[in-house]
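Note sheet for the following structure.
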Amino acid sequence: MALLEGKTAIITGAASPRGLGKACAMLFAEHGARICILDLDQAAAQSEADTLPGSGHRGIACDVTSKSQCDTVVRNILEDMQTVDILVNNAGITQPLKIMQIEPENYDAVLDVNLRGTLNMSQALIPHMRERGSGSIVNMSSVSAQRGGGIFGGPHYSAAKAGILGLTKAMARELAPDGIRANAICPGFIATDITAGKLTPEMKAQILEGIPMGRAGKASDVAGCALFLASDLAAYVTGSEVDVNGGSLI
Ligand code: NAD
């Protein structure tokens, strides 16, 4: 069953070939959606869009930290594609710093991409979703928001991802009367470029010990959850934070 037939989705930070955003783009496209991949580099975004099944996909350069870029890109997408049903705010960066190592510029960079980027893209698209009386926004948070840190993200990353949870719930409450749903996903330890090559065997063993399912997550595990939240299967689900972590918080 194609869950997103006739729908259009914007997915930010989806040009990383092994990343969560790309996995969402692939699964959404397999379910019939037209995809706009937004990322920093135009060529990378287009080349990942070209790998998706189906037709009509776009790859577009957009730095989500820039409100004016988000507004312009969304305006152009709407002129081009007429409708957008789904927004996945996935772009994110981490910095492995301890609390006293965080300089103002570190704080700004991590908060800007993860949290401000989520607000910028949502603000760019909400007027269109309001006009249509429907829309699904899926925000990528993290287990780091829930347990106060992880291996890669510093405290500022935890703060940004926790901010996303608050923002998601506030958006869900405010936008529900407009027919717009907003939910967050909290991935645990997922094997992607953000985590690749940064682990010693000891670190890996230690992480796996804390995961009842005994394995790292796959990008497709997160994509499956995003597909559910984006689709009408989740028609009565809003303001939720969904854990995709192999049971790490049990
Ligand atoms: P990734 O590094 O593979 O991909 C992130 C993408 O975001 C990259 O393509 C990058 O170019 C893009 N990006 C960075 N800054 C941007 C900006 N200013 N504007 C637009 N795009 C920008 O990371 P990933 O592992 O696929 O993570 C995706 C999301 O999931 C992130 O928000 C991350 O914090 C979150 N997450 C990942 C894990 C994990 O274990 N991999 C766990 C929890 C949460």
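Just a few scattered comments:
This table checks each residue for (1) of a type outside the set (Asp, Glu); (2) near the ligand (Cβ under 8 Å from one of its atoms); (3) surrounded by 23 or more Cβ atoms within 10 Å (Cβ to Cβ).
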site	(1), (2), (3)
Ile164	yes, no, yes
Met171	yes, no, yes
Asp178	no, no, no
Arg181	yes, no, yes
Cys186	yes, yes, yes
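- Residue tally, condition under 20 Å from His128 (Cβ atoms) and hydroxyl-bearing (Ser, Thr, Tyr), over region 10-63: 1
- Subset of region 193-248 [aliphatic (A, V, I, L, M), within 18 Å of Met140 (Cα to Cα) and at pLDDT below 95]: Ile194, Ala216
- When residues of region 175-208 are limited to those that are more than 15 Å from Ala226 (Cβ to Cβ) and among the β-branched types (Val, Ile, Thr), the one farthest from the chain's Cα centre (by Cα): Thr200
- Within region 129-148, the set of residues being out of contact with any strand residue (DSSP E or B) (no Cβ under 8 Å at 6 or more places or on another chain) and surrounded by fewer than 19 Cβ atoms within 10 Å (Cβ to Cβ) comprises Glu131, Arg132, Gly133, Arg147, Gly148.
- Of the helices (runs of 4 or more DSSP H) lying entirely inside region 128-244, those containing at least 2 residues that are farther than 23 Å from Glu30 by Cα are 143-147, 155-175, 201-209.
- Residue list for region 1-22, restricted to those being in a loop (DSSP other than H, G, I, E, B), within 15 Å of the ligand (Cβ to nearest atom) and not hydroxyl-bearing (Ser, Thr, Tyr): Gly13, Ala14, Ala15, Pro17, Arg18, Gly19
- Every listed requirement among (1) more than 15 Å from Ala124 (Cα to Cα); (2) out of contact with any Gly (no Cβ under 8 Å at 6 or more places or on another chain) is met by Val73 save one, (1).
- Checking each residue in region 90-144 for being in contact with a Phe, Trp or Tyr (Cβ under 7 Å, 6 or more places away or on another chain) and β-branched (Val, Ile, Thr) picks out Thr94, Val110.
The values are calculated or read from the model by the stated rules, or taken from the named source; none is laboratory data. All of these numbers come straight from a predicted model, not from anything done at the bench. Glycine gets a Cβ as well: all are built from the backbone with ideal geometry, and neighbour counts include every protein chain shown.
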